[in-house]
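In what follows, a single structure is set out as structure tokens and then discussed.
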Amino acid sequence: MLKIFKYLKDELLSVGAIILLLIAQAYLDLTLPEYTSKIINVGVQQNGIENVAISQIGQKSLDKIFLFTSEKDKEYILANYEKATTYKNETIYKLRKKANEEKLANVLAKPMTLVNVFENKEIDINKLINLPNTDIFTVLENAPLEQRQVIIKEINKQFKDYPSTIINQMAVNFVKNEYSRINIDIDKIQINYILKIGTIMVFIAFLCMICGLLTVFIGSKMAARLAKRLREKVFKKVVSFSKNEMKTFGAASLLTRTTNDIQQIQMVIVFLFRVVIYAPIIGVGGVFKALNTNSSMTYIIGLAVVAILGIVITLFAIAMPKFTKVQKLIDKLNLVTREILTGLPVIRAFSNEKHEEERFEKANKDLTKINIFINRTMSFMMPIMMLVMNFVCLAIVYSGAKGVDNGSMQVGDILAYIQYTMQIIMAFLMISMMSIMLPRANVSAKRVMEVLETKNTIKNTDSPLEFDKEKRGKVEFKNVSFRYPDANYDVITDINLTANPGEVTAFIGSTGSGKSTLINLIPRFYDVTSGEILVDGVNIKDADIKKLREKIGFVPQKGILFTGTIKENIRYGNKKITDKDITKALEIAQATEFVSKLTDKENYLIAQGGTNVSGGQKQRLSIARAIAKNPDIYIFDDSFSALDYKTDAKLRKELAKITKDKTVLIVAQRISTIMHADKIVVLHEGEVVGIGKHKELLENCTVYKEIALSQLSKEELENA
């Protein structure tokens, strides 16, 4: 899979944008639980009072606070307040704009708590100073300094074990009571605070959505461009394959690799960056934030992570081996489907539909079975993860309830902790869900890279030689031998012959004698195992492949037409030819008669694979395509086999008129097709057993004579 990333080098800008957006989104997501906690702790429980740095306070309450502060703290408090107004003949002090609220809150929290406790008589003052029916504020106000310090010391002993959260809560109660006393609307403060925090949360959520949408948009476009680039590269690579590579991979497998496999990679790339970057940030950030919220529940996160990892590892140990099989089974299904659709006429002719249905059903069932197994295995993941999440929530609530009870936590902190824990678990869940897609995509990536990294057996030379114009059209075989890859023997052995311009050189022999193989070596569909083939006086291995093939008009054994009009098919080898040249090519190929009867004539649309024309018509159009190219060398690989004798004779007669200075190579099974050739090469088991004209070979070559007598009578041969 990592090798695929080198094809993302043109997408560095997109990758950078995705990374920045995901970092921003992760930061925003991790910020939301803090505001949830504030809504509960401050907005609901503290009536919107953020801290105990009270904004307005009356002189009476300030005097009570000073009873429990040192002179230094008293000076600091007074420095942060200024006289603002009066209420019921009492001076009201207002917090200065430049005041350090956090530091001031730390100074005020303990004195405010003490004032609140004694005002509400939450502690029996008589037990502290042993004076019944005494007001603590009056005592402290009138007591000498030393006695006041002793009393305050005794009071502080009562509060030394109180958690800071309880101290702050009591101080907030003092602030609420003070606001009510001096006629400040607490409900308004609460509503304003909740609206402010709520607005911030909505804004953060909106920004998260924008980041998410942009990430998906950029990621999708990037993945689509990568898929396009891979398809282009795979297609170009496949087009450059020789018959050997095509045989190694198979057409069905190459189709799967170009479509399904690249689609798998595209799907993974869309989510991969999001998970690889986003999930770790959320996971680590969530742990950090959770620890800052309350470190006493760290063990819960640890247990959750261990449980999730255990689930993921177990499920993947079961499912992983099956992922590799899926793509191979898709190959097999494609192969069977393609084979059945291609051979449909034969299947129907032999009434074998039932057998083919069973063959398709088996391939389909095998793929379905393994997909069901994988999906069933992976379907356990989500319910188990949800179970873990629910147990984690219960553990947090249980542990948090104890913390709230003893004053070490607030309700909002529990909710924030649950959110952080869920974010951590979801990060692992995202990684695990990504891991479901990754193995299959990894298999697909390997299969695509296997095509791209395949070394072509037929390579173009780096320093191609120019063809000799004086030897134009000349084809020479010098000690040529060839064996198919992985074969144990040569199918062609030590061939030596020359085909000159202006001559018709024919090849004949029994089935499997190597006729088609021999002429397939000329356009370098295969490369010779030993010896050399010269075209225009240049070894074809030293020539530019494109220029070599431009010199050849090749008509294959099986006529192949492409989707498009007849005119487009004829123009396939030469884009510059005129309509007049097309008409002439059709006349020479004896195709005018049937083309003129078609609805749109030369603009008649050929179906995929030429299924809407007959075999003979397909062959004639293939021959017309080669003629229209006007090459130096014509190669007809048993291209007249589907033609009747009359059409065959007419075609060869017309062909002879335009090939007077061209080299013509014909592979044939019928003696009648080649008996008038200038040179006939007889092949037997890959070796040349005779070269000459028709009558010479009848007298001197036993193999040729046997072939001739099997097709024509003695009288016909003598009269020929």
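The values are calculated or read from the model by the stated rules, or taken from the named source; none is laboratory data. Since the structure is predicted, the reported quantities are computational estimates derived from the model, not experimental observations. Cβ placement follows ideal geometry from the backbone for every residue including glycine, while neighbour counts extend to all protein chains displayed.
Observations on the structure shown:
- Of the residues in the range 554-566, at least one is among the hydrophobic types (A, V, I, L, M, F, W, C), in a strand (DSSP E or B) and either closer than 23 Å to Thr517 by Cβ or in contact with a helix residue (DSSP H, G or I) (Cβ under 6 Å, 6 or more places away or on another chain) (or both).
- Ala53 being at pLDDT below 90, assigned to a strand (DSSP E or B) and closer than 30 Å to Thr138 by Cβ: no
- Members of the range 212-259 that are in a helix (DSSP H, G or I), surrounded by 14 or more Cβ atoms within 10 Å (Cβ to Cβ) and of a type in the set (Phe, Trp, Tyr): Phe249
- One residue stands out among those in the range 181-197 that are under 16 Å from Ala84 (Cβ atoms) and among the hydrophobic types (A, V, I, L, M, F, W, C): the one that is nearest to the chain's Cα centre (by Cα), which is Ile184.
- Some residue of the range 644-651 being touching a residue at least 40 places away in the same chain (Cβ under 8 Å), surrounded by 17 or more Cβ atoms within 10 Å (Cβ to Cβ) and of a type in the set (Lys, Arg): no
- Within the range 540-590, considering residues that are in contact (Cβ under 8 Å) with a residue 60 or more places away in the chain and more than 44 Å from the chain's Cα centre (by Cα), the one surrounded by the fewest Cβ atoms within 10 Å (Cβ to Cβ): Glu587
- Where helices (runs of 4 or more DSSP H) fall wholly inside the range 276-362, the ranges with 1 or more residues that are acidic (Asp, Glu) and in the same structural domain as Phe373 (by TED's automatic domain parsing) are 298-342.
- Residue count for the range 468-515 satisfying the condition of being under 28 Å from Arg652 (Cβ atoms) and either in a strand (DSSP E or B) or not assigned by TED's automatic domain parsing to the domain that holds Thr659 (or both): 16.
- Selection status of Tyr27, in a helix (DSSP H, G or I) and either over 30 Å from Tyr278 (Cβ atoms) or modelled with pLDDT of 85 or more (or both): yes
- If you go through the range 371-383 and keep only what is of a type outside the set (Ser, Thr, Tyr) and either surrounded by 17 or more Cβ atoms within 10 Å (Cβ to Cβ) or in contact with a Ser or Thr (Cβ under 7 Å, 6 or more places away or on another chain) (or both), you end up with Ile374, Met378, Met381.
Okay, residues lined up against (1) in contact with a Ser or Thr (Cβ under 7 Å, 6 or more places away or on another chain); (2) in the same structural domain as Val326 (by TED's automatic domain parsing); (3) touching a residue at least 12 places away in the same chain (Cβ under 8 Å):
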position: Lys402; (1), (2), (3): no, yes, no
position: Asp405; (1), (2), (3): no, yes, no
position: Tyr420; (1), (2), (3): yes, yes, yes
position: Phe428; (1), (2), (3): no, yes, yes
position: Arg440; (1), (2), (3): no, yes, yes
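- Restricting attention to the range 670-713, the residues being in contact with a strand residue (DSSP E or B) (Cβ under 6 Å, 6 or more places away or on another chain), part of a helix (DSSP H, G or I) and crowded, with 20+ Cβ neighbours inside 10 Å number 3.
- Residues in the range 196-224 that are touching a residue at least 60 places away in the same chain (Cβ under 8 Å) and under 20 Å from Ala17 (Cβ atoms): Leu207, Cys208, Cys211, Gly212, Leu214, Thr215, Ile218, Gly219, Lys221, Met222.
- Take the conditions (1) over 22 Å from Glu503 (Cβ atoms); (2) in the same structural domain as Ile540 (by TED's automatic domain parsing); (3) at pLDDT below 80; Gly610 misses just one of them, which is (2).
- When restricted to residues that are surrounded by fewer than 17 Cβ atoms within 10 Å (Cβ to Cβ) and more than 11 Å from Gln423 (Cβ to Cβ), the range 277-287 contains 1.
- Scanning the range 72-123 for residues that are acidic (Asp, Glu) and outside any helix (DSSP H, G or I), we see that the one that is surrounded by the fewest Cβ atoms within 10 Å (Cβ to Cβ) is Glu122.
- Test: residue in the range 621-629 that is among the polar types (S, T, N, Q), in a helix (DSSP H, G or I), in the same structural domain as Ala585 (by TED's automatic domain parsing) and buried (at least 23 other Cβ atoms within 10 Å of the Cβ): yes
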